1. Calculate the FRET efficiency for N232 and D138 from the Cβ-Cβ distance with a Förster distance of 30 Å, rounded to the nearest 0.05.
2. Between the range 56-74 and the range 178-195, what is the separation of their alpha carbon centroids in Å?
3. For the range 123-220, would you read off the P(r) tail past 15 Å as a percentage of all alpha carbon pairs?
4. May I ask which residue of M226, I265, T335 lies farthest towards the positive end of the charge dipole of the chain, with charges of +1 (Lys, Arg) and -1 (Asp, Glu) on Cβ and the Cα centre as origin?
5. In the chain, which longest range has no GluC sites (Glu not before Pro) that are both DSSP loop (not H, G, I, E or B) and surrounded by at most 15 other Cβ atoms within 10 Å?
6. Determine the relative contact order of the chain: mean sequence separation of Cα pairs under 8 Å and six or more apart, normalised by residue count, in whole percent.
7. Taking every alpha carbon pair in the chain, what does the distance histogram look like in 20 angstrom bins from 0, in percent?
8. Considering the Cα positions of the range 185-250, please state its Rg to one decimal place and its Dmax as a whole number of Å.
Amino acid sequence: MTTTATSDAPAWDHPRGTAAARILVELGTDRGVAQSDLLAGSGIRAAELTDPMFEVEAGQELTIARNLVRRLGNPPGLGVDAGMRYTIGHFGIWAYALLSSPTVRDMVRIGVRYAGLSFAFIKPHFEEDDREGRVVFDADEIPADMRTFFVERELTKLATLMPLAVGIRIADVRFETTFDGREAAAIRSRMPQAHLLTARERHVIAFDRALLDARLPQADPVTARMLEDQCNALLHARRRRRGVASHVRSLILARLDESPTMEQIAGELHVDPRTLRRQLQAEGTSFRELIEEVRETIADELLGTAGLTVHDVAGRLGYHDAAGFTRAYRRWTGTTPGRGRRGA
């Protein structure tokens, strides 16, 4: 049986609401970065961030995060600052399913099972022994240049949510991270009450066994089952709308400035390049058409971004030089990037 790309896509590659993207933009604008610069290359308009029915691709959120990191110079703790901005309301039905869970153990299991509804780029799994339960976070699927940012964000996001949602004190939970040095210091300075162990082998949130058995103050088993069913339906509905081409498009957008090859994208999807080629052909497209489509869609937006030269735009789109981008832009539009910039 042939493996399909959709079943092996990165855990983070699915549509999601706008809350996480909106938080990234708010964090950037509060620090003096123009909204247009933060949205550059994402294909998202500012008005869409406040539309409750609008969904963004994970690759679009990743683009905004990259813009934020680049504009601010990637300071340690930036992901922590993003994670501390979340409230229960940002997580919608996922958070309410956690709130109504009978015990902390049930809450953790539901949270991990439907992590796709929490804007997570990190992939969690739950393990338990005689002493404690642990949520272990696998960051391997996150693009390397953004791994620190998103790990910081996810750990802090959960540390912020637990006291708000279920009354668990941060001091009663153990946090482990592979970070050391400046990254670890940034987390300690922002969460001094956390029991944080650094320079560890994995990213972990650990709960004492007695705490796992504790009942939650807003437990309602009937409501919890209903909300879990709704979480399951929502997550499946979002993933069902994704074809192979949509997954590939999202991955291209996430790595656009690296000019990803079909072999690299196939590797991320855990399929043979020939298999991926056949799957895209079955959907009436090709890898080359998809990467051209993404570049063409983003080009004018980047040309309209203050401070970016044509050479900068070419690099953001994965071209080795401005000449290659200029030829492609003329093919798409019949004019030059310079004129396109004036039009934008």
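Quick note: the coordinates plus some simple rules give every number you see, no bench work behind them. In this text, all values refer to a predicted model and were calculated from it rather than measured experimentally. Don't worry about glycine lacking a Cβ; one is built from the backbone with ideal geometry, like all the others, and counts go over all protein chains shown.
1. Details: r = 22 Å, r/R0 = 0.72.
Computed FRET efficiency for N232 and D138 comes out at 0.85.
2. The two parts, judged by their Cα centres, are 22 Å apart.
3. On the way: 2989 of 4753 pairs.
The answer is 63 percent, as a whole percent.
4. T335
5. Numbers: sites that count: E55, E141, E201, E283.
Within the chain, the longest run free of exposed GluC sites (Glu not before Pro) spans 56-140.
6. Details: 521 pairs, mean separation 70.8, N = 344.
Reported relative contact order: 21 percent.
7. Reading upward from the zero bin: 29, 56, 15, 0.
8. 19.3, 47
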